[in-house]
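Shown next, in structure tokens, is the structure this report addresses.
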Amino acid sequence: MNLPTAKYGFTLIEVLVAIAIIGLLSSVVILSVSEARGNARDIQRMNDLKTMQLALRLYAEQYGSYPAQGCGNPSEVYAGPGTHESWGCTAEDYVVGLAPKFIPVLPKDPSQEYEDSKGYIYMSNGKDYKFMAHDSAEQKLITSYDDEFARCSQFCSEGSGCGITPQPRVYAVYSSGAVCW
């Protein structure tokens, strides 16, 4: 007498289809999470710029000029952590005398992936300053000179280093005399 045999388990095709669906769903989730992280880093950059702007203004009110840039650089070049690594700048010394009195610590770009001329950079001649998150924007790109964080204003000439269109991956805050730097 033959007893009916029960089938238990899944076929190979069913297992492969389930794995493919799980893989597709996980790739969508990973893409969403990485995009959200990029947005969060851009928001952190903008917050850092506003915090630095306030600290620089407080410094200037107390001392009558903006702080010097650190790392032993001449005033005509930018200084910042992660930029031009041969300068040896760190997050502690790229703006002289600002931390800890006016800001607890100098900010460091949240991406932690520095290349030459990427990250936060600062320039000052004492009378004016510019503080930038240079070439590090990830998700929010600047598309107009009307943007609060555009590197230059729409009134700068093309020869000033700003061009006809704004630089999409460069956020900045600056004093009025440094608009076109």
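The values are calculated or read from the model by the stated rules, or taken from the named source; none is laboratory data. The shown structure was predicted, so the numbers you read here are calculated from the model rather than taken from an experiment. Neighbour counts run over all protein chains shown; Cβ positions are idealised from the backbone, glycine included.
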Working carefully through the options Cys71, Cys162, Cys156, find the one that is part of a loop (DSSP other than H, G, I, E, B), at pLDDT below 80 and under 20 Å from Arg45 (Cβ atoms).
-> Cys162
Of residues in the range 109-127 being touching a strand residue (DSSP E or B) at 6+ places or on another chain (Cβ under 7 Å) and in a loop (DSSP other than H, G, I, E, B), the one modelled with the lowest pLDDT = Ser117
Of the candidates Tyr66, Tyr94, the one satisfying the condition of being at pLDDT below 85, touching a strand residue (DSSP E or B) at 6+ places or on another chain (Cβ under 6 Å), closer than 29 Å to Ala172 by Cβ and not small (Gly, Ala, Ser) is Tyr94
